[in-house]
Amino acid sequence: MEVFQEVLSSLTQPFNLIYMIFGVAAGMIVGALPGLTATMAIAVMLPFTFSMPPDTALITLGGIYIGAIFGGCIAAILINTPGTPSSIATTFDGYPMTQQGKPDQALVTAAVSSGIGGVIGGLALLFLTPMLAALALQFGPPEFFWIALLGLTMVATLSSGSLLKGLIGGSIGLLLSTVGLAPIGGDSRFTFGFSQLQAGFELIVMLIAFFCIPQVIRMIKNQSNTKEQVKPFQSQKGVIGYVFKQIFMRPFLILRSAVIGIIVGIIPGAGGNVASLLSYDATVRMSKDQSTFGKGDVRGVSASEGANNAEVGGSLVPLLALGIPGAPPAAVIIGALLMQGIQPGPNLFEENANLIYTFITAFILANVVMLILALFGSKYIGRVINIPTYYLAPAIVFLTIIGSYAIRNNFTDVVTLIIIGLIGYVLSERGFAPAPIVLGLILGPIAEEGLAQSILISEGFFSLLGLFFTRPITLVLMLFCILSLLSPYIGKLLKSQKAKEEQEKEEAEESL
Amino acid sequence: MTKDTGSAVFFILLAAGGLWMALSFNTMSAVFPILVLSLLLLFSIIYFFISIMKGRESTETASAIFSKEAVITGLCLLGYVLFIWVIGFLAASLLFLGGMTWYLQGGFVSGKKRVRNAAGSSIIVTVVFFFLFRYVFLVQLPTGIFTS
Amino acid sequence: MKRAVTLTTLAAAVMTITGCGTGGSAENYPSEPITYSIPFGPGGQSDVEARRQEPMLEEILDTEVNITYKEGAGGAVGWTELVSEQGDGYFISGMNIPHIILQPMTQDDAGYETDQINPVAIFQGTPIGLAVPADSDIETLDDFIEQAETGEQMTISGSGTYSGHHLAFMQLSNLKDLDMEYVPSTGAAESIQNFLGGNTDAIFANSNDLVKYKEDMNILAIGAEETFEALPDVPTFQEEGADFTASIDRGVAVPPDTDEEIIQTLEDAFLEIANDESVQEEMVNEGFEPVSMGREETQEHIDELKSEYEETMRELGEIE
């Protein structure tokens, strides 16, 4: 109870609340700018927190983290560019909603889902930390390999149209992920002598290149073609009520997304991007009516955003419990904790209980702050799409260039952005959608490290097979992979079965 | 030859070339790329045969990939990058935003207003974001090859 | 980066607009903001050190210091940038040993050469230690070596290929004909995860991580020159009869052709911070070894290690 009072008194201090609101707002702005990731938002703001008392500093940083992850969806929805890698799946349905003139609906859906997902993630952080931390340690190289494979089975859902083209796209993505120094083995691969390519392609640059540049070219191409144009945004009444109704009609959707987000967050090495993709995939597969996904379905936005904000809470679990960050932004939070003289690890809850509980409670509260800010702001943010193409398209290009440069002050990234962007345009016009390619890019390194480490750990071929097929978690993951691959066919089979039954029924009725 | 067959041939060549390069890597560096490239080769060969079988049925519409607008935009993007390298980020952005906005207004706005819009938008966008990134996020933007 | 930040920012902005940035001359150095480039990502140990130094540097040099990140290829991207920058003292970069020695040695296209790195000072050492799980039968380094000689293959987790950990592994395997396999991860956190999860038999880890997880592991030996202050009970490799040291040293460097006076100014500033008692105390508590090595000493240190590593790598057939 003493802890409780301490937490309460800390959180009711007006200064702490003001800093929290400031942190969330600042995070949202940084997250909305393409190229500035949540990791960077926290790193940039970190120095400002040095002079603050520890509780205020942690409250502010938690707010920035949450704000930045949400902010990423703003650019994803409005201009089809994930502001942070976490909102990649938000583009699938968020941007089509914008094209239909409903950006506010998408933004509000994202805000509500993020808020609820974030709160659930925070509660998990509060109650499950010691328990879930043990789970994270169970993930070794073979498990990571299977996680990556499970992710790759999503190609089936993401490749609209041709599965074969999706598979080719996925392989291209995996191939692109191998450019640069091999993580294990150390050779430099496919660099063609350019030392700049040794570091490999920067993920966020590739995201912008594959999603945004082709989109801008299409935008310009269709400028005078009224049929293809984005419908103007008109603020409608009752959007908030409508969205709440939509979401509460499907409580399991958000709950499932949040659980996926938390689990992915806890596993080090897999971040918000994987969480958002997995959750999107699960939602599509489990829905009865799949025809509207990718064409502006609120459920898609909700699944992606619910998961990536829950992932934030999850990624802090191994950080607080073991000192192992579950995601890159959490790694920066470790730096902040150390600066304040707090050593994350098993003793944290005993030594710094007050501070940690204040942080977690503030974390949950910050999600509510984020929700309120987003609800009021979405009406104004949505107006961006009413800007004529002749202003908007050049400005988007400008932002992508400045953003891709800002990631690591590297001009090569800008050149890569444009060249890959133009290639991406041709590929997408030829039917190779960007989503499977990007999926391969994200999962490639996870798969490679898992595979190579398993080979090194094993002694010979049979021991390797043993590693892949006999560990309990790998078995579960394998089952998921098979289910995931078969589910479209099972779905079809069930449908045809049902149709048959109904037909028989009808026939039976007719014959009566 | 249809466009699909063309794409398939391109991917087959890409995979084969990649495999040839990957053979020179050390074992642990080569495992994963060889796996991926073999998959790519397999998929593109299947794709090749499917496209040949379907080839005659599909009468393809004239290519809209390389329309006039798309080509001009692509060239502008490449020019923008070149200009950043030569004259620096600030000047190149002013030029690109101004030029692009002027070009895209064709058919919508004309006369003096077209020039005014282009100049206004390029100056406002460039200056606001330049200062935000340069002095708040402390990103050292390129200044061109002549000044450094 | 305190309250003064808006004022200096404004001043810098005005200076850029009016084009009256001075710079260039060594006499009034430093008169402009200094860019302190970190060749790793935000939140890493190099970043934490730079952030610790930043306010003190600003005070000593009386100018603004901006930290930027240039991560990729284990630091090579940042060092390639460093050697191509102008030597006017306004661009300095973090420098890690053995990275700057091993990368050009093992890769033809690393983008820079070790000789091009112009060292200013070394301020921190992170000895690398070898550890096994706390409940392991292996008690000492001798036990470990014996097991690797006779028993099953030993797998050792570590961070990075051709990195400090990899080098320590190579030095250990160069002692005798041992059946060991190095299992690299892309980062220290992943490597610890692999080890604590029971996927490898042992781990090469940085001293700060060893301090953090000392309850969960039995540290066999550490690569420091003498007994390591934060872990006084752990013997060094040399004390255990293995004649090598293993450490990741952090320092700072400037581009080639930098004016002597400028380097002197920077060296004085960094050594003053390195000798600050509160900084040293913080480092020890976090599990690091405070070092204050001036320019000449650092250069000698690098040259010495370079020839030593070359020998090891050649014996193991890693280079020709």
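In segment A:187-213, which residue that is modelled with pLDDT of 80 or more and hydroxyl-bearing (S, T, Y) is surrounded by the fewest Cβ atoms within 10 Å (Cβ to Cβ)?
For segment A:187-213, the residue satisfying everything is A:T191.
A:L175 - would you say it is within 26 Å of the chain's Cα centre (by Cα), within 18 Å of A:A452 (Cβ to Cβ) and more than 10 Å from chain C (Cβ to nearest Cβ)? Spell out the reasoning first.
Numbers: within 26 Å of the chain's Cα centre (by Cα): yes; within 18 Å of A:A452 (Cβ to Cβ): yes; more than 10 Å from chain C (Cβ to nearest Cβ): yes.
Spelling it out, A:L175 is indeed within 26 Å of the chain's Cα centre (by Cα), within 18 Å of A:A452 (Cβ to Cβ) and more than 10 Å from chain C (Cβ to nearest Cβ).
Filter segment C:126-141 for residues that are of a type in the set (A, V, I, L, M, F, W, C) and farther than 22 Å from C:M170 by Cα and give the result.
Of segment C:126-141, the ones of a type in the set (A, V, I, L, M, F, W, C) are C:128, C:130-132, C:134, C:138, C:141.
The answer is C:A134, and nothing else.
Listed residues A:L163, A:L107, A:L135, A:L123; which is open to solvent by 20 Å² or more (accessible area, probe 1.4 Å) and modelled with pLDDT of 85 or more? Lay out the reasoning, then the answer.
Values: A:L163 fails: modelled with pLDDT of 85 or more; A:L107 fails: open to solvent by 20 Å² or more (accessible area, probe 1.4 Å); A:L135 fails: modelled with pLDDT of 85 or more.
Matching residue, one of A:L163, A:L107, A:L135, A:L123: A:L123.
How about segment A:425-447: which of its residues are surrounded by 17 or more Cβ atoms within 10 Å (Cβ to Cβ), more than 21 Å from the chain's Cα centre (by Cα) and part of a helix (DSSP H, G or I)? Show your work before the answer.
Initially, segment A:425-447 is screened for residues surrounded by 17 or more Cβ atoms within 10 Å (Cβ to Cβ), giving A:425, A:427-429, A:431-447.
Those left that are additionally more than 21 Å from the chain's Cα centre (by Cα): A:425, A:427-429, A:431-432.
Listed by number, the residues that qualify are A:Y425, A:L427, A:S428, A:E429.
Hydrophobic (A, V, I, L, M, F, W, C) and at the interface with chain A (Cβ under 7 Å from one of its Cβ atoms), is that true of B:V31? Steps first, answer last, please.
On the way: hydrophobic (A, V, I, L, M, F, W, C): yes; at the interface with chain A (Cβ under 7 Å from one of its Cβ atoms): yes.
For B:V31, the condition - hydrophobic (A, V, I, L, M, F, W, C) and at the interface with chain A (Cβ under 7 Å from one of its Cβ atoms) - is met.
State whether one or more residues within segment A:377-385 are open to solvent by less than 30 Å² (accessible area, probe 1.4 Å) and out of contact with any Ser or Thr (no Cβ under 9 Å at 6 or more places or on another chain). Before you say what the answer is, go through the steps one by one.
As a first pass, look at segment A:377-385 and keep what is open to solvent by less than 30 Å² (accessible area, probe 1.4 Å): A:377-378, A:382, A:385.
Imposing the further condition that a residue be out of contact with any Ser or Thr (no Cβ under 9 Å at 6 or more places or on another chain) reduces the set to A:377-378.
Taking every residue of segment A:377-385 in turn, at least one turns out to be open to solvent by less than 30 Å² (accessible area, probe 1.4 Å) and out of contact with any Ser or Thr (no Cβ under 9 Å at 6 or more places or on another chain).
What's the number of the only condition in (1) modelled with pLDDT under 90; (2) open to solvent by less than 80 Å² (accessible area, probe 1.4 Å); (3) under 21 Å from the mean Cα position of the chain (by Cα) that B:F137 fails to meet?
Here B:F137 clears every test but (3).
Only one residue in A:K295, A:K237, A:K245 is outside any loop (DSSP other than H, G, I, E, B) and over 16 Å from the mean Cα position of the chain (by Cα), so which one is that? So that I can check it myself, show each step before the final result.
Working: A:K295 fails: outside any loop (DSSP other than H, G, I, E, B); A:K237 fails: outside any loop (DSSP other than H, G, I, E, B).
The conditions single out A:K245.
Given the conditions (1) open to solvent by less than 10 Å² (accessible area, probe 1.4 Å); (2) out of contact with any Phe, Trp or Tyr (no Cβ under 9 Å at 6 or more places or on another chain); (3) within 15 Å of A:I263 (Cα to Cα), which single one is not true for A:A282?
Only one criterion is unmet by A:A282, namely (1).
In segment A:389-407, which residues are farther than 30 Å from B:G107 by Cβ, open to solvent by 10 Å² or more (accessible area, probe 1.4 Å) and more than 7 Å from chain B (Cβ to nearest Cβ)?
Scanning segment A:389-407 gives a single hit, A:I407.
Rundown of residues vs (1) hydrophobic (A, V, I, L, M, F, W, C); (2) more than 8 Å from every other protein chain (Cβ to nearest Cβ); (3) open to solvent by 30 Å² or more (accessible area, probe 1.4 Å), yes/no style:
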| site | (1), (2), (3) |
| --- | --- |
| B:G79 | no, yes, no |
| B:I87 | yes, yes, yes |
| B:A91 | yes, yes, yes |
| B:M100 | yes, no, no |
| B:L104 | yes, no, no |
| B:S110 | no, yes, yes |
| B:A119 | yes, yes, yes |
| B:I123 | yes, yes, yes |
| B:F129 | yes, no, yes |
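Filter segment A:182-213 down to the residues that are facing another protein chain (nearest Cβ under 10 Å) and either assigned to a helix (DSSP H, G or I) or of a type in the set (A, V, I, L, M) (or both), then identify the one that is farthest from C:T106 (Cα to Cα).
If we take residues in segment A:182-213 being facing another protein chain (nearest Cβ under 10 Å) and either assigned to a helix (DSSP H, G or I) or of a type in the set (A, V, I, L, M) (or both), then A:I213 is farthest from C:T106 (Cα to Cα).
The values are calculated or read from the model by the stated rules, or taken from the named source; none is laboratory data. Everything quoted here is computed from the prediction, not taken from an experiment. Reconstructed Cβ throughout: ideal geometry from the backbone, glycine too, with neighbour counts over all protein chains shown. The accessibility values were calculated without ligands, DNA or RNA, using every heavy atom of the protein model including side chains. Shrake-Rupley method; radii C 1.70, N 1.55, O 1.52, S 1.80 Å.
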